Every structure is written in structure tokens, then in C-alpha cells.
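Since the structure comes first, as C-alpha cells, the remarks are kept for the end.
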Amino acid sequence: MSGSGTLSLKIMHKKSFLFFLGVIFFMLTKAQDSNEVLLSIDNVPVYASEFKRVYLKNIDLVKDESKKNIDEYLDLFINYKLKLQEAKALGLDKREAYIKELKGYKEQLSKGYLTDTQTSEALIKEAYERSQERIHASHILISLSPNATPKDTLAAYQKISEARNRILEGESFESVAKTYSEDPSVSKNEGKLGWFSVFRMVYPFENAAYSTGVGDLSRPFKTQFGYHILKVNNREKRLGEVTVAHIMVAINDVRSAEQAEERIKEINQQLDQGAHFGSLAKQYSDDPSTALNGGKIRRFGQGALNSEKFEKVAFSLQNKGEISKPLKTKYGWHIIKLIEKHPGKTFEEEKENITRRVEKDSRSKLVTSSFIALLKEKYSVAQNKEAIQYFKKNITNAFFTKEWEIPEDDQHLKKELFRIKNERFVYNDFAEFLKREQSKAKNFTDISLFIDEAYKQFESTTLLRYYKTHLEEDNQDFAHIIKEYRDGLLLFDLMQSKIWNVSRTDSVGLKKFYDSQKNEYSQNEAYTVLKASSSKQEIITKVKGLLEKGKSVDQIKKEVNTGDVVLVIFSEEKMIKGEDKFPNDFVAKKGKIFTSEEENYITLIMVKEILPSRIKTFEEVKGDVINDFQTHMERKWLGELKAKYTVVVNEKVLRKVKRELSK
């Protein structure tokens, strides 16, 4: 990776770390003026309760034991406060970009608070339980508009009930479906929907399917499409997950398809001869994310990978330790070993994914409705039936042609519709809402039905808008998080302008820093080695003898790997002292041969070249130099801030805090 690429990654990592520190150091302090002052920065008080709260809340997250010392922790706390003081002194909290980003985050965060948590949790758990099964069902549909009149609704209900009765009296579901169902696909499938699981159907349909027994017929139920009845033909548990390991030989710019196939055959022969799967994976697998762990892949379910062929073979393995034959995918060649079969992901593992799907699904309306009910109770808002009757009486059919206008001289429009705390809403507010919604009236045949629906929407949107606007006042948890983000974002902008951008652009200072610290960027002695690996000790002994006689690798291959049988695999690698694992008796001497054994797999190592220790060039370690230079600059800058601002610690209060935190 280039130096600039490394720097970009470091900045991203620092932003994440910065916000982590924000969580550690800052929680909104309530009723601060009744607390003891632990310290002040230019006469700005910082309260003991704030420090105690963050220390106790986050001390287990701190890995460095020295930072758990109260005095050390207090130093970090003061440094953080000093930086925030400087950021505000520079006016960074007034910048348009800062205000815009904070507003966007606040908008995003507020969505998580505009919900009924209890109802949402129940729906999430229900969805998880249903995800463990799949259902095969058939249905009959009688179509009905969502805004149908009572007369049309009754007619549709009577028709679906008639169809149900004929099935109950003995007629086949398929024949009744052909006669009654208004689902266009019925002529081809006789009402059969095939297999489905959670989130595949609209929520009322899913409810009916999962609450009906196999072979049973449901009662009529309504969805946005009309009235249905369904029959459950079958249901079964879904396949779970598997954990496997694999050895992958990639087809890429340096290895052709033929070479990859030849290498996987060599590895497979080693497995047939008893070589340890994990050892082969560590040495020869081209999947860097799994090779060091013996080829182990994180457990997965059907559809989780980008290779259906790989999944099919993985799930076909039945017994722990079973190894597949080599298979080819778009990534190259693989050999798969079954480690464990799992019955399915746990609720905690699936919760985040299911939560997102519930939020996007029609069932989320239940959560919204429940939350609106909670807000109505919180703010004591009751339906104004008198107002609803007034609008039903005074809105004419001109509303359907968008010709209706709000009467200018109607005194009723000044009457109170409802009140949320100190904010008053009047009839005219609802009239203006109706005016904006006129285009939607075309979906209704009865003005009364439209007004009923419009009033519910106006009431709901008004309650939600009010709660969202006053969220920081009403919800302490939300206020805490916004405060943390506000300070964290401010500190990030400060660090970027004062440290990170400067360290990136000050090439002279960076090079000077490198020259003063050269010894910190040294590379240990390294070795170019030849490796030969086999599951058979006698083969490695033979290879060692041939190498000592001066035979080349190609000559040894011809003598040891006879025909199509590959008994030993050769490779040339670079090994670094202090970083790589060496045999216990290793001695750095050219031509010296050593062997090691791991899990019945023997590896021979011959030293071909010794590369002496050296100072790495500036370009080689530029990313590390930038990081170290930033730390150096920050340490120097903090000294300047401590000289600029007056920090006064109340020692008496600090001693009291220490006693309390030491209990």
C-alpha cells in the first residue's frame, strides 16, 4: 500500500478511536450546579460527578492498566477537555460543515427513538422464531380496494366465506380456487404458492400461514390485496449453518488454471497420505483471511456466500472431519473439510439483521401505531370527535375535484383541535392539512372515510413532529448520545486541522523526524529459505540427502515425486528473525538444513541466503513514520495548551473522589 493510502486508513482509524474516547470521557451531567467542582479550565467548572460516572462506566473497556490509575485517567480527561476548550476558542463549533454533519447525525439517531421498543422487540423475536421454519401453502383471493366502501367489503367477505364453506363441505381446494380466486396466477398453479418463510409475504398473510396447522384451512383474513383463505400443505425446519475449513488455490495473474489444478491435485494427494489439513492450509492456501487459522471459515448458512457450488458441497458433507474432493469455483480450486454443523444462528446473532428487515416490512406499521398510542397517552391527546363531525358536515364534493377552499370567515377554524403541552393546534391546522392532501381523495368513494383517515394521519404526524423536535428535552439517553457525538466531532475537526493534515503536508518535518528516529525503524536479519513439506519422514530424509549432494529442486522432484504421486511440496520463502517461527535448533548459516514437525507434518528448511539487519528506508516505513510523527506533534501541542489555559484541580475533592472510586 502507498504511503498516502496508509495515511488515509490511519485517519479513518483515528476517527473511530476518537469517537470511542468521546464515549469514554463524556456523558451529559444532570443538575451539575449541585455537584462539587473537581477542576476548572479557565474558570469553566468540571464536576466530580461527571468524572466518576465516566470512570466507573468505562474503566473495564480500558486495556492499558496504567490508564485505570485514577491520576492517569484524570490526565487523559483533562487533555480531552483542553482540546475541546481550544476547538471552541477557534470557533470550530460555528463552522457550516460541522453544523450540517451534526444535524444529519441527529436526524439519523432520532429515528431509533421514534418507536415503541416493547412492541418492536416482540415482533423481532416472532420473526426470528418463524425464520426457523418454512411453509408450503395454497390460497384463494377475493380482490378488494384498501379504501372500499362498507358495501363492497361485505360482498367480498361473503364471497370468500362461500368459497371456504364449499371446501369444508368436501370440494377440493384446487377446484374451488379455480372457481373463486382472483389471483391471476391461479389458472397455472391452482392457488399453490410454493415454499416461503418469514418476510416473503405481507404480514397479515404470514400471520395466517404460521398460525394454521398442516392440512388445515384458515379463517378469512384481510390484506391490502383483499380477502384470503389459505391452506397449509406442509411445513419443515430450515437448514442451519456449517463451519468448514478450506484450502484454496487461486487462479490469477501468476497462476494459470492448469497450474492451479495441478497444485490442488498435489495437495489432495498429501491429504490422502495422511497430511494434516490445517498444516497444508497454513502453508499453501491462497485465502489470506483463513490460511493462518488452518483454513477455517466463519460459520455460514445457505445463500451467505457468493458461490452456490461451494455451499452445496459444504452442506453435503455429513461427518465431522469429512473432506471433499477438489472442486472448482470462479475463485479457483478448493478442498473443503467439515468442522461442525450448526442448527441455525442464535437470536442474538440474527437480531441486527432481523431488526432491519422488520423496520422495512409492513409489520413496522404496528410499531408506529403502538408508538403513536404511547405519545397520545404521554401528552394526553384525545380524538376530537366534534371536529371530525364538523369537517364531515362542511366539506362538499368539490373536494374530489380539488375545487374546495378553506372558508376565510368561518370562526370554527379558530377552535382548539388538541393541545400538546403548551402548543395549541386548531381546526384550521387540520383544514390546511386536508387541503394539501386533496389529491389522495381520489382513492376514496366516500368523503367521510377520507376525513377519518386524514385525521388519524394529521394527529400522528403532529405528535411525531412535536416529540422529535423536543427529543433532547424529553429523552435523557438521546441527549447524552448527541452530546458525546457533538464533542467527538468537534475534537475530530480540531485534530485534523492541528495534527493530521499538518503531518501529511509537512514533508520536511516528516523527513527530519525520520532521520532523528532511524534506529526505531530497523528490520531484523532475514533469510531466503527453501521449504520442503511431506507427511512422510523418510521422504524428508531423502530430500535432505539429495540437497546435501547439491541436487536441484527440479532434480529432486523427478526422483521423489514419481508419476502422478506427489509426496513432497516445495516452496521458496523469506523468513524474518523475531517475526516468523523457526525450528528450535535453527542457526543462521547458508546451506544449513533444519526440520520441524507439526501435527504429523514434517517441514524441511534450507537456508539459501542471509539478509543482514538494516535500517528500513523512509519510503518503506512512511506510514509508521507519519503515525509516530503525529503522536510526537500531539504531545508537544498538549504542552502548549496546558501553558495557554489555566487548569486548577481541587485536591480536596479529588481525594474524596479517589476514596469513593476505590471502594
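It is to be established whether one or more residues within the range 368-385 are open to solvent by 60 Å² or more (accessible area, probe 1.4 Å), hydrophobic (A, V, I, L, M, F, W, C), out of contact with any Cys (no Cβ under 8 Å at 6 or more places or on another chain) and in contact (Cβ under 8 Å) with a residue 24 or more places away in the chain.
Filtering the range 368-385 for residues open to solvent by 60 Å² or more (accessible area, probe 1.4 Å) gives 368-369, 374, 377-378, 380, 382-383, 385.
Checking the rest, the ones that are also hydrophobic (A, V, I, L, M, F, W, C) come to 374, 382.
Filter once more, keeping what is out of contact with any Cys (no Cβ under 8 Å at 6 or more places or on another chain): 374, 382.
Filter again for in contact (Cβ under 8 Å) with a residue 24 or more places away in the chain, leaving 374, 382.
For the range 368-385, residues open to solvent by 60 Å² or more (accessible area, probe 1.4 Å), hydrophobic (A, V, I, L, M, F, W, C), out of contact with any Cys (no Cβ under 8 Å at 6 or more places or on another chain) and in contact (Cβ under 8 Å) with a residue 24 or more places away in the chain: present.
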Response to the item:
Going through the range 540-574 in order, the residues found to be within 12 Å of Leu604 (Cα to Cα) and touching a residue at least 60 places away in the same chain (Cβ under 8 Å) are Ile540, Val543, Lys544, Ile569, Ser571
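Yes or no, residue by residue, for (1) more than 30 Å from Val565 (Cβ to Cβ); (2) at pLDDT 95 or above:
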site: Gly191; (1), (2): yes, yes
site: Trp195; (1), (2): yes, no
site: Gly215; (1), (2): yes, yes
site: His228; (1), (2): yes, yes
site: Ile264; (1), (2): no, yes
site: Ile267; (1), (2): no, yes
Item to complete: Identify the residue in the range 423-454 that is touching an Asp or Glu at 6+ places or on another chain (Cβ under 8 Å) and among the aliphatic types (A, V, I, L, M) and, among all such residues, is least open to solvent (accessible area, probe 1.4 Å).
Response: Ala454
Response to the item:
Restricted to the range 306-322 and to residues being open to solvent by 60 Å² or more (accessible area, probe 1.4 Å) and assigned to a loop (DSSP other than H, G, I, E, B), the residue farthest from Arg238 (Cα to Cα) is Glu322
Item to complete: Output the residue which, of all residues in the range 482-500 that are aromatic (Phe, Trp, Tyr) and modelled with pLDDT under 90, is farthest from Phe77 (Cα to Cα).
Response: Trp500
Worksheet item: What residue, of Glu182, Glu171, Glu162, Glu190, is acidic (Asp, Glu), more than 20 Å from Glu359 (Cβ to Cβ) and touching a helix residue (DSSP H, G or I) at 6+ places or on another chain (Cβ under 7 Å)?
Response: Glu190
Worksheet item: Within the range 83-135, how many residues are modelled with pLDDT under 90, polar (S, T, N, Q) and not in a loop (DSSP other than H, G, I, E, B)?
Response: 6
Worksheet item: Does the range 553-574 contain at least one residue that is out of contact with any Lys or Arg (no Cβ under 9 Å at 6 or more places or on another chain) and within 28 Å of Val625 (Cβ to Cβ)?
Response: yes
Worksheet item: Given (1) of a type outside the set (S, T, N, Q); (2) in a helix (DSSP H, G or I); (3) open to solvent by 70 Å² or more (accessible area, probe 1.4 Å), where does Arg298 come up short, assuming only one miss?
Response: (2)
Item to complete: Would you check if Lys325 is in contact with a Gly (Cβ under 8 Å, 6 or more places away or on another chain) and open to solvent by 30 Å² or more (accessible area, probe 1.4 Å)?
Response: no
Practice prompt. Could you list, in sequence order, all residues of the range 327-368 that are under 30 Å from Asn252 (Cβ atoms) and charged (D, E, K, R)?
Written response: Lys328, Lys330, Lys337
Item to complete: Taking Gly332 as the residue in question, decide whether it is on the phi > 0 side of the Ramachandran plot and buried (at least 16 other Cβ atoms within 10 Å of the Cβ).
Response: yes
Worksheet item: Restricting the search to the range 484-509, which residues are hydroxyl-bearing (Ser, Thr, Tyr), open to solvent by 30 Å² or more (accessible area, probe 1.4 Å) and closer than 30 Å to Leu102 by Cβ?
Response: Tyr485, Ser497, Thr505
Discussion item. Give all pairs with beta carbons closer than 7 Å in which a residue from the range 79-107 that is under 28 Å from Ser40 (Cβ atoms) meets a residue that is open to solvent by 80 Å² or more (accessible area, probe 1.4 Å) and not hydroxyl-bearing (Ser, Thr, Tyr); count only pairs at least 6 apart in sequence or on separate chains.
Written reply: Leu82/Lys642
Practice prompt. For Asp452, indicate whether it is over 40 Å from the mean Cα position of the chain (by Cα), more than 30 Å from Tyr105 (Cβ to Cβ) and in contact (Cβ under 8 Å) with a residue 60 or more places away in the chain.
Written response: yes
Item to complete: Determine which member of the set Lys574, Lys581, Lys616 is open to solvent by less than 80 Å² (accessible area, probe 1.4 Å) and either under 44 Å from the mean Cα position of the chain (by Cα) or among the hydroxyl-bearing types (Ser, Thr, Tyr) (or both).
Response: Lys616
Worksheet entry | From Lys663, Lys642, residue being of a type outside the set (Phe, Trp, Tyr), under 30 Å from Val508 (Cβ atoms) and open to solvent by 80 Å² or more (accessible area, probe 1.4 Å) | Lys642
Worksheet entry | Filter result (open to solvent by less than 80 Å² (accessible area, probe 1.4 Å) and either assigned to a helix (DSSP H, G or I) or touching a residue at least 24 places away in the same chain (Cβ under 8 Å) (or both)) within the range 402-422 | Trp404, Ile406, Leu413, Lys415, Leu417, Phe418, Ile420
Worksheet, complete the sentence: Per the filter on the range 510-539, residues open to solvent by 20 Å² or more (accessible area, probe 1.4 Å), within 18 Å of Asp624 (Cα to Cα) and part of a helix (DSSP H, G or I) are Lys511, Lys512, Phe513, Asp515, Ser516, Lys518, Asn519, Glu520
Worksheet item: Quick check, is Lys365 closer than 28 Å to Pro204 by Cβ, surrounded by fewer than 11 Cβ atoms within 10 Å (Cβ to Cβ) and either modelled with pLDDT under 90 or touching a helix residue (DSSP H, G or I) at 6+ places or on another chain (Cβ under 9 Å) (or both)?
Response: yes
Discussion item. Step by step: first the residues of the range 160-217, then only those that are surrounded by 15 or more Cβ atoms within 10 Å (Cβ to Cβ), of a type in the set (Gly, Ala, Ser) and closer than 13 Å to Ile135 by Cα, then the one that is nearest to the chain's Cα centre (by Cα). Which residue is that?
Written reply: Ser197
Worksheet item: Can you spot a residue in the range 622-637 that is more than 27 Å from Val46 (Cα to Cα) and open to solvent by 70 Å² or more (accessible area, probe 1.4 Å)?
Response: yes
Response to the item:
The condition of being surrounded by 13 or more Cβ atoms within 10 Å (Cβ to Cβ) and either out of contact with any Asp or Glu (no Cβ under 8 Å at 6 or more places or on another chain) or touching a residue at least 40 places away in the same chain (Cβ under 8 Å) (or both) holds, among Thr396, Thr462, only for Thr462
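The values are calculated or read from the model by the stated rules, or taken from the named source; none is laboratory data. Keep in mind that what you see is a predicted model, and the values were worked out from it rather than measured. Note: ideal-geometry Cβ built from the backbone for every residue, glycine included; neighbour counts use all protein chains shown. We work out accessible area using only protein heavy atoms, side chains counted, and drop any ligands, DNA or RNA first. Shrake-Rupley method; radii C 1.70, N 1.55, O 1.52, S 1.80 Å.
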